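Trainee: Take this structure first; my questions come after.
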Amino acid sequence: MKLSLFLFLFSSLAFSQSEIIQAPVDHLYVPTGFDSNDAVEVVVTGKFPNTCYSRNSVDVKIKGDIVNINITAIAPARPVLTEKSCPKMIVPFKEVVTIGNLQGGNYEIRVNQNSATSLSDELVIAEAASNSVDDSIYAAVEWVEKKSNDEVVLHGWKYSDCLELDKVKIVSNNKDTLSVLPVMKQVRDFCPMKGVPSKYDVKFDVSSLKIDRPLLHVRTMDGKSVNSIIEMN
């Protein structure tokens, strides 16, 4: 009983010493190559100043051609508590923000407006060539392994041996992001459900990028993406 009361009082105190703030974001990655059939995603990164900060929520509101993204964090409210209890170290974080389907056109992405670290960029959506969910079937990629500054390995699964990799299309936004589209092709009519691990070596040209930590935005079979930030060295 005493232990339960102690834990309750401790958790209540901890909660009372925190507040919801706009997260300290530092970079907005906007992939290119989306059309009106795609689930649009952007990636936002930032840094917490110590280990007492944590993620809270991501809210997306669309009004006309403006996409407002509000990313919040839980922060310690009392500086004294922070200095005594929270190791001072930079804690990077990454938020993959799903915006959803958008009609073709140009949009402005705004992140944490009216904050000291607000971000903005332009997003271009093309009109889809057909009404299908997607014009291509992509590989089932789960994670990305870096081999060098211009080569990675896409790891995932092949759900049936009737599918083979056809090509890997690379689309640069000429700034900070490479969109990687591993397009599959069906080689037989009969598609048995027999999952096997798969991996694909991908080489790309980074000369169009203007940042030391570019994003690889890899489209996947489930309609979303795997997003990996590559440390250039």
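Trainee: Would you mention how many residues in region 165-178 are touching a strand residue (DSSP E or B) at 6+ places or on another chain (Cβ under 7 Å) and either over 18 Å from residue 149 (Cβ atoms) or not hydroxyl-bearing (Ser, Thr, Tyr) (or both)? Before the answer, list the steps.
Mentor: Step one: filter region 165-178 for residues touching a strand residue (DSSP E or B) at 6+ places or on another chain (Cβ under 7 Å), giving 165-172, 176-178.
Now drop any that are not either over 18 Å from residue 149 (Cβ atoms) or not hydroxyl-bearing (Ser, Thr, Tyr) (or both), which leaves 165-171, 176, 178.
Going through region 165-178 one residue at a time, the tally reaches 9.
Trainee: I need the full set of residues from region 187-200 which are in contact with a strand residue (DSSP E or B) (Cβ under 8 Å, 6 or more places away or on another chain) and over 14 Å from residue 140 (Cα atoms), in order please.
Mentor: Passing the criteria: 187, 191.
Trainee: I'd like the full set of residues that are acidic (Asp, Glu) and within 14 Å of the chain's Cα centre (by Cα), limited to region 27-64. Walk me through it before giving the result.
Mentor: Our first condition is that a residue be acidic (Asp, Glu); within region 27-64, this holds for 35, 38, 41, 59.
Scanning region 27-64 gives a single hit, 41.
Trainee: Could we say that residue 192 is out of contact with any Leu (no Cβ under 7 Å at 6 or more places or on another chain) and assigned to a loop (DSSP other than H, G, I, E, B) here? Even if it seems obvious, please write down each step before you answer.
Mentor: Working: out of contact with any Leu (no Cβ under 7 Å at 6 or more places or on another chain): yes; assigned to a loop (DSSP other than H, G, I, E, B): yes.
Here the answer is yes, as residue 192 does meet what is asked.
Trainee: Just the residues that are part of a strand (DSSP E or B), charged (D, E, K, R) and either loosely packed, with under 15 Cβ neighbours inside 10 Å or touching a residue at least 60 places away in the same chain (Cβ under 8 Å) (or both), please, taken from region 159-184. Outline the logic, then answer.
Mentor: First, the residues of region 159-184 that are part of a strand (DSSP E or B): 163-172, 177-184.
Adding the requirement that they be charged (D, E, K, R) leaves 164, 166-167, 169.
Of everything in region 159-184, those that are part of a strand (DSSP E or B), charged (D, E, K, R) and either loosely packed, with under 15 Cβ neighbours inside 10 Å or touching a residue at least 60 places away in the same chain (Cβ under 8 Å) (or both) turn out to be 164, 167, 169.
Trainee: Would you point out which residue out of 136, 118 is modelled with pLDDT of 95 or more and within 22 Å of the chain's Cα centre (by Cα)? Walk me through how you get there before you give the answer.
Mentor: Details: 136 fails: modelled with pLDDT of 95 or more.
That would be 118, the only listed residue that is modelled with pLDDT of 95 or more and within 22 Å of the chain's Cα centre (by Cα).
The values are calculated or read from the model by the stated rules, or taken from the named source; none is laboratory data. Everything quoted here is computed from the prediction, not taken from an experiment. When we count neighbours, we look across all protein chains shown, and the Cβ atoms used for this are built from the backbone with ideal geometry, even at glycine.
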